[in-house]
Amino acid sequence: MSDIATIGSIRQRTGFWRRAIRHPGFLIGGAISLSVLLIAALALIWTPYPVTVLNIAEKLSAASIAHPLGTDHFGRDILSMLMVGAGNSVAVGLVAVGLGIGLGGPLGLLSAMRPGLISEAVMRASDLAFAFPALLTAVMITAIYGPGTMNSIIAIGIFNVPVFARLTRGVSLSVWEMEYVTAARAVGVPPLQIALRHMLPNIASPLIVQATIQFALAILAEAGLSYLGLGTQPPQPSWGKMLHEAQTMLYFAPMLAILPGICIAVTVLGLNLLGDGLRDLLDPKLRRAAKLPKT
Amino acid sequence: MKTKLFAAAFLAAGLGMSGQVAAKDSLTLGIGLEPPHLDPTAGAAAAIDEVVYQNVFEGLTRIGPDGAVLPGLAKEWTVSNDGLTYSFALRDGVKFHDGTAFDSADVLFSINRAMAEDSTNAQKGLFEPIAKVEAPNAQTVTITLKRPTGHFLFNLGWGDVVMVASESADTNKTKPVGTGPFTFDRWSKGSEIRLKRNDAYWGNAAKLVKVSFKVMPDAASSAAALMSGDIDVFPNFGAPELLEQFRADPRFEVVVGTTEGETILSMNNTNKALSDIRVRRAIAHAINRQAIIDGAMFGSGTPIGSHFAPHHPAYVDLTSMYPHDQAKAKALLAEAGYASGLKLRLTLPPPSYARRGGEVIAAQLAAVGIETEIIPVEWAQWLKQVFKTTDYDLTIVSHTEPFDIGIYARDSYYFNYKSDRFNKVYADLTEAVDPAKRKALIGEAQKVLAEDSVNGFLFELAQNGVWKKGIKGLWANRPIQANDVTAAYWE
């Protein structure tokens, strides 16, 4: 029985790439997301200039060969700052989404597989968390525990927990009723093994789609927190902080605000396109509705 | 339909007309911080004085736009030869805004209230030299001092020494009642404080009928409010980077004046590392003042080498005592045992001089091996954590009180600086009356602070006023915390 499930997911995957190369949204979104990831990785080992060293004499210089995107009010190289900012955003997104899936996933699975008081408690707690707007919760947490990159990541990550708990529970409930799961339970497969071998491969698709969306939201939230001065602290640059600093200089140095703004917009757009593309490609029901070739 | 249109046109014309008229005799000023309340005798916040000083409340003397001591509610005074007894003749016919008469009983009440044990006056030091206050008659007040005090008449001109009435003193925080040319009209918390002309004023009536102070904590929205005409004047515009734009705009003029704001990198002198004079001197050598002024203030500000205003006649230029020298700074740190580096906290209050200046200083200190952890805080937290409990290593703040070098003689001031040498100089200074001797002692006091490198002395804050063209009679400089609009008018 478990073999059928495995074969199904393999066949699904082979068809995936064939369809993927014909999906423009997925391709564009994927290319943007991959570029941001690569730039972020590069910023870890190399940037054209160090971003914590100021060079006041060269402040607000226009784009040149030495500084392809110019310098800011402290004479820092904007390209380098945007690169480090990308690293910052990706790190926040990864940790926040990781935290969400890592805690929310098991909670959702547990509550689907073991209905009862605990599962109800988990779900009502999620509902409670949903009642507060994400950014407001994050502002509250950073206000209590102090501003900083770590605290803002945790604050954003915490909001992702109920998102994934709820989603996982929803999709798991239907899988839990499937005959092959019932069969596995009947022959006495341990619950953990059922969860990992039979359930997880079948609920992974919506989780992956949601992860890309949450990744984009986490980047936006981090930018928002840093803009308010609650996220990444100086001297470390971040896109949101660059936007904030540029605010009063909009009249004479608009690029200081436009460039990080473009970075945030393009990255979020890329992740959303990727998420939409993944949903189109991974969701069998949608595929049938769109009359795509069956695999 | 026709009548409706007509009515609308009529209404529009009426509105346009009243708008024009209003511009002639009303003034809207932008202020960066909202005052916590409106009683200048019960709070340290400069924002209180910046609304009510001289406009609503007056003192026995008043400070003029150039910092000179002028007669206020006292029309004249005599000082005894030993410098201990001051006799003030009060003005006739002065009335508080609630209609009660101002006389010597009110002076007694005001000064005794400020000197009382349970007084909440933020500048008790101003009253400390006073031995007794007497009122021989309704129009005369005699103040006897414990010792000659050179600055006494200037001190009487502070916002903290304004005259209040016993009937209204308790409610001045929300409904200020003074003797000034403007009366309090209304306070919309969080947005605006309105004053209106006091038609029963004892002196020359104000030319403006309505004055409004709009609270604008954010530089970008302040700029937008100026551009759109919601604000006529921003006496002290917080974002120097935007001044160029206002200079280029024919609707505005940018008036650059002086303030009493010594902007310093305050050091907690009881911190283990910072208690070592070599570390403090190393920091002084690591600091590049011009880079801070250019980077954080866009060139606005004058470098200082001690805690003293450069425009004061007794100023001594000590900016070259610790030239920017990273090698020297590193050597001094090594000598003090911090060759492998030093980690300090840098607590920064909200103004841009602190937040941006802090980033520049952090980078300059990093270059000599001092690592700083930047902690941005709000004012309330700064006052509690830095100012009251002195739980900090480094902070950046502008000390805007006039002639405030005496704070270094205070025992538990937040720098935690203790120097018998300075205390001696300052004690001599407070008792000196001879101008030449005073000047020499003031110079000496500046030198002691610079030699001890008590704090990192950065720059004197400039007063960057953005004024709509046509407004006259405002102060370009800020010799005392005030936005005196009593002589303002539209041309």
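What follows is calculated from the coordinates using simple rules that are stated; it is not laboratory data. All figures in this text were calculated on a predicted structure; none of them were measured in a lab. Note that each Cβ is placed from the backbone with ideal geometry, even for glycine, and that neighbours are counted across all protein chains shown.
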- Residues B:Leu153, A:Leu82, A:Leu37 in order from fewest to most other beta-carbon atoms within 10 Å are A:Leu37, B:Leu153, A:Leu82
- How about the range B:61-169: which trypsin sites (Lys or Arg not before Pro) there lie in a loop by DSSP and see at most 13 other Cβ atoms within 10 Å? B:Lys146
- Note on the structure: XL table B:Lys95/B:Lys196; B:Lys95/B:Lys469; A:Lys241/B:Lys328; B:Lys173/B:Lys214; B:Lys95/B:Lys384; Cα-Cα > 28 Å flagged, in table order, is B:Lys95/B:Lys469; A:Lys241/B:Lys328; B:Lys95/B:Lys384
- Note on the structure: Counting only DSSP loop positions in the range B:390-479, the chymotrypsin sites (Phe, Trp or Tyr not before Pro) whose Cβ has at most 16 other Cβ atoms within 10 Å are B:Tyr413
- Message: Tell me whether chain B comes out rounded, prolate or oblate; compute the Cα gyration tensor, take square roots of the eigenvalues as a ≥ b ≥ c, and use a/c under 1.5 as the rounded threshold.
- Response: oblate
- May I ask you to compute the full-extension gain from B:Lys418 to B:Asn204, defined as 0.36 nm times their residue separation minus their alpha-carbon distance, rounded to one decimal in nm? 72.3 nm
- Item | Candidate lysines - alpha carbon under 21 Å from B:Lys330, same-chain residues fewer than 8 apart omitted | B:Lys272, B:Lys343
- Message: As I understand it, the value is the acute angle between the Cα axis of helix A:200-227 and the longest principal axis of the Cα atoms of chain A; what does it come to in degrees, rounded to 10?
- Response: 20 degrees
- Item | Angle between chain A longest axis and helix A:24-45 axis [Cα atoms, degrees, rounded to 10] | 60 degrees
- Message: Out of all DSSP beta bridges in the range B:336-491, what portion is antiparallel? Express it as a percent rounded to 5.
- Response: 20 percent
- Item | Choice from A:Ala253, A:Ala41, A:Ala183 with maximal GNM fluctuation in chain A (Cα, 10 Å cutoff) | A:Ala183
- Item | In the range A:174-235, GluC sites (Glu not before Pro) in a DSSP loop with at most 16 other beta-carbon atoms within 10 Å | A:Glu177
- Can you tell me the dipole magnitude for the protein assembly as shown around its Cα centre, using point charges on the Cβ only (Lys, Arg +1; Asp, Glu -1), in Debye to the nearest 20? 3180 debye
- Task: Looking at the protein assembly as shown, send over the antiparallel percent of its DSSP beta bridges, to the nearest 5.
- Result: 75 percent
- Please find the FRET efficiency linking A:Ala91 to B:Thr85, where r is the Cβ-Cβ separation and R0 is fixed at 60 Å, and quote it to the nearest 0.05. 0.25
- For the range B:149-165, Karplus-derived ³J(HN,Hα) couplings (6.51, -1.76, 1.60; θ = phi - 60°; whole Hz; x for glycine and proline) come out as 10, x, 9, 4, 5, 5, 4, 5, x, 5, x, 6, 10, 5, 8, 10, 9
- Query: Just counting partner chain Cβ atoms within 10 Å, what average do the residues of peptide A:57-67 show around their Cβ?
  - Reply: 1
- Task: Find how much the distance from A:Asp283 to A:Gln193 grows on full extension, using 0.36 nm per residue of separation minus their present alpha carbon separation; answer in nm with one decimal.
- Result: 30.0 nm
- With contacts defined as alpha carbon pairs under 8 Å and 6 or more residues apart, what's the relative contact order of chain B in percent? 21 percent
- In sequence order, what are the phi-derived ³J(HN,Hα) couplings for the range B:36-43 according to the Karplus relation 6.51 cos²θ - 1.76 cosθ + 1.60 with θ = phi - 60°, rounded to whole Hz, with x for glycine and proline? x, 7, 10, 9, x, 8, 9, x
- If one takes the longest principal axis of the Cα atoms in chain A, at what angle in degrees, from 0 to 90 and to the nearest 10, does the Cα axis of helix A:149-176 lie? 20 degrees
- the protein assembly as shown, helix-only ellipticity at 222 nm - DSSP H runs n ≥ 4, -39,500 (n - 2.57), divided by all residues, nearest 500: -14000 deg cm²/dmol
- Message: Defining a contact as two alpha carbons under 8 Å apart and six or more residues distant in sequence, what relative contact order in percent does the range B:392-467 show?
- Response: 25 percent
- Message: Test of understanding: ordering A:Ile118, A:Ile141 by Cβ neighbours within 10 Å, fewest first, what list do you get?
- Response: A:Ile118, A:Ile141
- Task: Would you kindly derive the ³J(HN,Hα) couplings of the range B:264-280 from the backbone phi angles with the Karplus curve 6.51 cos²θ - 1.76 cosθ + 1.60 (θ = phi - 60°), listing them in order in whole Hz, with x for Gly and Pro?
- Result: 10, 8, 5, 10, 7, 5, 9, 4, 3, 6, 6, 6, 8, 4, 5, 5, 5
- Item | Under 22 Å from the Cα of B:Lys132 - lysines, other chains or at least 8 residues apart | B:Lys75, B:Lys124, B:Lys146
